Each structure stands twice: as structure tokens, then as C-alpha cells.
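Data first, discussion second: the structure below is written as C-alpha cells.
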Amino acid sequence: MKKTVSLLVAAMLLAFSCGFSALPKVNRYIPGQFHDVPDGIWYADNVRVVCEYGLMCGTGDGQFNANGKLTFAQALAMVCRLHNAYFGNHSIFDMDDVWYQPYVQYARENKITDKTYDYEAIISRADFVKLLAAALPAEALPEIA
């Protein structure tokens, strides 16, 4: 659980450090919409934020899967959504036969990555950070002293 939640928190913090909070919320979060995110759990507010801003939307069937591990496909979807929102592209990621294919295409078109991954494999923190850094311009990532 710590790996996924720490990546969730990292995505949220990066998004807000890049001025993401100035963007409009794209989803309405309803407490309890994820059966595995009880009200009052320490990360519930983080789940709400990433859902409201469209970075993450759960894994389906009322589950957020905070106890799961993040795959390359899920991470790629997050960074593409962040890139899309940051640059105001307003792209719509239509679901394909393979749910993550629109994100793979978007990442290639926007030079986030041109690599091919095992999209169902668990992503490492290092690879996650590389994708996040590739999704945003250098000025959006100020150096931390």
C-alpha cells in the first residue's frame, strides 16, 4: 500500500507545485464513492483531490485500489492527464480496446516518451519520476534547495 499511496501523494504534490490548483476541477468527488477509501483514512483527501482534478479515477467497480501497486499503464495515464491539463490541451482520452492505448499515443505525440513498456508491469519510483518529469517543462519543476 505504501508504494501506491506514496506515488499518489507524489503525483498530487507535483501537480500542485506546478500550479495545477489554478486549473478547474473536472470531476465531482463524492465521499464514499470508492468502497476501499473510508472517510477519515489519512489519504482520503489526497484521493479526493486527484479525482477532482482528473489525475486518477480509480480502477473500476467502486474501487480506488490504494492497496495495489501502480502499473506503467496507470502511471502513463496519470502523466498524460497532467500534461493535458497543464498545457490546456483539452484532449479527450477515448477508451480503446486496450484501455491505455490512447495514453500511449498521446505520450508519443507529445514527446513524453517514445519507449514501449510492459504496460501491465509494476512501475518503479524512478521510472514514475522520469515520466512525470518528461510530461512537464523545466520551468514547471523548480529546483528544491
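In terms of Cα to Cα distance under 15 Å, which aspartates and glutamates are near enough to Lys69, apart from those fewer than 8 places away along the same chain?
Once the sequence-local aspartates and glutamates are set aside, what remains near Lys69 is Asp36, Asp118, Glu120, Asp127.
Which ³J(HN,Hα) values in Hz, rounded to whole numbers, follow from the phi angles of the range 96-111 under the Karplus curve 6.51 cos²θ - 1.76 cosθ + 1.60, where θ = phi - 60° and Gly and Pro get x?
Result, ordered by residue: 10, 4, 9, 4, 8, 4, x, 6, 4, 5, 4, 4, 5, 4, 9, 6 Hz.
Between Val129 and Thr59, what is the spin-label point distance in nm, taking each point 7 Å from the Cα along the Cα→C-beta axis?
2.5 nm
How far is it, in nm, from the label point at Lys25 to the one at Lys69 when both lie 7 Å from their Cα along the line to the Cβ?
For the pair Lys25/Lys69, the computed spacing is 3.4 nm.
Using a cut-off of 11 Å between beta-carbons, work out the net charge of the residues near Phe34 (Lys and Arg +1, Asp and Glu -1, Phe34 not included).
-2
Once the piece of chain linking Gln101 and Glu120 is laid out straight, how much longer is it, given 0.36 nm per residue of separation minus the C-alpha distance between them?
Answer, rounded to one decimal: 5.6 nm.
Please state the shape class of the range 67-145: rounded when a/c is under 1.5, otherwise prolate if a/b exceeds b/c and oblate if not, all from the C-alpha gyration tensor.
oblate
Roughly what would the spin-label model give for Glu109 and Ala138, points 7 Å off Cα along C-beta, in nm?
If labels sit at Glu109 and Ala138, their model points lie 2.7 nm apart.
FYI, it's all coordinate maths here, none of it is from the lab. Please read all numbers here as calculations on a predicted model, not as lab measurements. Quick reminder, even Gly has a Cβ in these numbers, built from the backbone with ideal geometry, and neighbours come from all protein chains shown.
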